[in-house]
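*Asks:* Structure below; questions to follow.
The values are calculated or read from the model by the stated rules, or taken from the named source; none is laboratory data. The structure presented is a predicted model; accordingly, all values stated were derived computationally and were not measured. Methodologically, a virtual Cβ is constructed for each residue, glycine included, from the backbone with ideal geometry; neighbour enumeration extends over all protein chains shown. When the accessible area is computed, the model is the full protein with side chains, heavy atoms only, and any ligands, DNA or RNA have been set aside. Shrake-Rupley method; radii C 1.70, N 1.55, O 1.52, S 1.80 Å.
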Amino acid sequence: MFDSFDEELKATVHTWESRPGGWQTLQFDHGVWDDADLPALVEWSRAQACVADVSDSSLALVTGLDTTGQRWQAWLNLDIAARLLVKEPEDLDDQLLWLDTPEFHDAVRHKRAELDAEISTDAAGAVAWAAAAGIPVTTQIFRIEELLRSHEAFAEDLFSSLLDRLGFPQTTQPSPAP
């Protein structure tokens, strides 16, 4: 799959964390990866794959896909995700004024509650994905849910911790600073 990338695009791919058992984590520069690339990666590798689309180290949307097409997603850092996902009113004149209104804060609380209500399903999807990859998930599901509710400052650290809690072998090299 990566052989089809031109040299300029290949230069945007960096090794991030290696894990025993052949598990590899790559880091792509912003804007290189597209959600449509995940099925192609799974087909090419003939293995489960997971992508964390990280935004400014403070937020990530994690998507996993197995070889049967089962997909799961989870947000890392729900508070920021809720602020990002709140729909703006159609008659909005000034976004900055909207961000400081009680209506905005109410909308964020509602969106945060919606995202929180999905955590059990998200955690179960992550566990099923890891199990389908042959990873013996020994962590209790509430620990995965706890991580998905975390307020950790760096989404990259949350993603790495999620893989750890799902039972993937521990990294063999430290992650570079975000």
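*Asks:* Return yes when VAL51 is out of contact with any strand residue (DSSP E or B) (no Cβ under 8 Å at 6 or more places or on another chain), surrounded by 12 or more Cβ atoms within 10 Å (Cβ to Cβ) and not charged (D, E, K, R) and no when it is not.
*Replies:* Judged against the criteria, VAL51 is not a match.
*Asks:* Select from region 138-161 the residues that are open to solvent by 60 Å² or more (accessible area, probe 1.4 Å), in a helix (DSSP H, G or I) and either in contact with a helix residue (DSSP H, G or I) (Cβ under 9 Å, 6 or more places away or on another chain) or modelled with pLDDT of 95 or more (or both) and list them in ascending order. Even if it seems obvious, please write down each step before you answer.
*Replies:* To start, the set of residues in region 138-161 that are open to solvent by 60 Å² or more (accessible area, probe 1.4 Å) comprises 138, 140-143, 146, 149, 151-154, 157.
Now drop any that are not in a helix (DSSP H, G or I), which leaves 141-143, 146, 157.
If the condition is that a residue be open to solvent by 60 Å² or more (accessible area, probe 1.4 Å), in a helix (DSSP H, G or I) and either in contact with a helix residue (DSSP H, G or I) (Cβ under 9 Å, 6 or more places away or on another chain) or modelled with pLDDT of 95 or more (or both), then ILE141, PHE142, ARG143, GLU146 are the ones that fit.
*Asks:* Are there any pairs with C-beta distances below 7 angstrom linking a residue in region 95-116 that is over 19 Å from ALA74 (Cβ atoms) and without any contact (Cβ under 8 Å) to a residue 12 or more places away in the chain to a residue that is surrounded by fewer than 17 Cβ atoms within 10 Å (Cβ to Cβ) and among the aliphatic types (A, V, I, L, M), with the two at least 6 apart or on different chains, and if so which?
*Replies:* Note: pairs meeting the criteria are TRP98/LEU92.
*Asks:* While we're looking at this one, here's another question. Condition (residue is over 26 Å from GLY21 (Cα atoms), at pLDDT 95 or above and of a type in the set (Val, Ile, Thr)) applied to region 118-132: is it met by at least one residue?
*Replies:* Within region 118-132, the subset over 26 Å from GLY21 (Cα atoms) is 118-121.
This time we only want the ones that are at pLDDT 95 or above, so: 118-121.
From the residues that got through so far, the ones that are of a type in the set (Val, Ile, Thr) too are 119, 121.
Yes, that holds for at least one residue.
*Asks:* I'd like to know if region 101-118 contains one or more residues that are surrounded by 12 or more Cβ atoms within 10 Å (Cβ to Cβ) and part of a loop (DSSP other than H, G, I, E, B).
*Replies:* Within region 101-118, one or more residues are surrounded by 12 or more Cβ atoms within 10 Å (Cβ to Cβ) and part of a loop (DSSP other than H, G, I, E, B).
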